[in-house]
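These notes concern the structure reproduced below.
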Amino acid sequence: MTAWWNFSARLILREAYTHFKIPAGDRVTVEFVVGTPPDSEPGLYRFLKWEQEKFGDIRMLNQSENMNEGKTWEYFATLGRAYNTQNPARRPWDYAMKLDDDTFLNIPQLLERLRPIIPRVDTYVVLPRLMGFSDFQGRGTEYWHMGAGYILSWDLVVWLSHHRHEDFLTLPEDQGIGEMLRAGRKGRGNFINLGSQVMDHPSDNEGGDWAREYGQDVILVHRLKNVHLQGDAIEYFLGNPTRSR
């Protein structure tokens, strides 16, 4: 999940992810989900079209760029509408993931976490956080789900495409997705807490208590707010070839 103007983040992530070794039989597709540039930016809209023609990995949604006005729901809904089936032979993927562009994904470790899940239905892979108070974004008093990266099995993707709850879309976007699933009693069969496998960059002192040292168990690293922090993650996971196997 990225903004259309974040050209440099896409450049770095696109190249880095090609260097992971993906096991035979696993299918991983990386796409960059963007909103539509305004009419006042025809040149940059053209540049985005060139980017798509060259790399084929831009998914442009039919809505303006936004953070909390339904972009994430629209992303899942477009996938669910395109492959509205529970038959794995008739769709390319078993899961869809939402991942922010300030987050680096250790793809092989994620695959190891997903592979044992049988059956691959009613699955919600996320980092929840219990809270005893309402935080500054108003995310409620029970729990909320970290939005930097989470995964839904395909049956949940299809279900979301048919269940747009406007009330929940007034919430921060990832909380809204979680509330839709909870209201529909979905994502309970295989609710998987990523726990300490999600981290903020070790130097981060603003995002909460998720900063830790890098480790081979880590699935995703959040709050990589500049190219230097992105470089740290790339060097750890891809600088030593034994870590990406």
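Taken together, the values in this text are just the output of simple stated rules run on the coordinates, not laboratory data. Computed from a predicted model, the values in this text were never measured in an experiment. A quick note on method: Cβ atoms are made from the backbone with ideal geometry, for glycine too, and the neighbour counts reach across all protein chains shown.
Net length available on complete extension from Thr36 to Asn87 is 15.2 nm, with 0.36 nm assigned per residue and the Cα-Cα distance removed.
Modelled label positions at Arg59 and Asp167, each set 7 Å beyond Cα in the direction of Cβ, lie 2.8 nm from each other.
Let me know the whole percent of all Cα-Cα pairs from the stretch 7-244 that are separated by more than 22 Å. Roughly 56 percent, rounded to a whole number. Please count, across the chain, the pairs of lysine residues with Cα atoms under 27 Å apart that sit 8 or more places apart or on different chains. Close lysine pairs under the 27 Å cut-off: 14. Given points 7 Å out from each Cα along the Cα-Cβ axis, report the Leu111 to Arg46 separation in nanometres with one decimal. For the pair Leu111/Arg46, the computed spacing is 4.0 nm. Scoring 49-62, 71-84, 145-158 by mean Cβ neighbours within 10 Å over their residues and listing the highest first yields 145-158, 71-84, 49-62.
Taking θ as phi - 60° and the Karplus parameters 6.51, -1.76 and 1.60, the scalar couplings of the stretch 145-161 work out to 10, 4, x, 4, x, 7, 10, 10, 5, 5, 5, 6, 4, 5, 4, 4, 5 Hz in sequence order, x denoting glycine and proline. Note that the stretch 93-109 has calculated 3J(HN,Hα) couplings of 9, 9, 9, 10, 10, 9, 9, 6, 7, 9, 10, 10, 9, 7, 4, x, 5 Hz, one per residue in order, obtained from phi through the Karplus relation 6.51 cos²θ - 1.76 cosθ + 1.60 (θ = phi - 60°); glycine and proline are x. Per-residue 3J(HN,Hα) values for the stretch 37-53, derived from phi via the Karplus relation 6.51 cos²θ - 1.76 cosθ + 1.60 with θ = phi - 60°, read x, x, 4, 6, 10, x, x, 6, 4, 5, 4, 4, 5, 4, 4, 5, 5 Hz in sequence order (x marks Gly and Pro). Scanning residues 5 or more positions from Ile58 or on other chains, those with amide H under 5 Å from its amide H are Phe32, with H placed 1.01 Å from N in the peptide plane.
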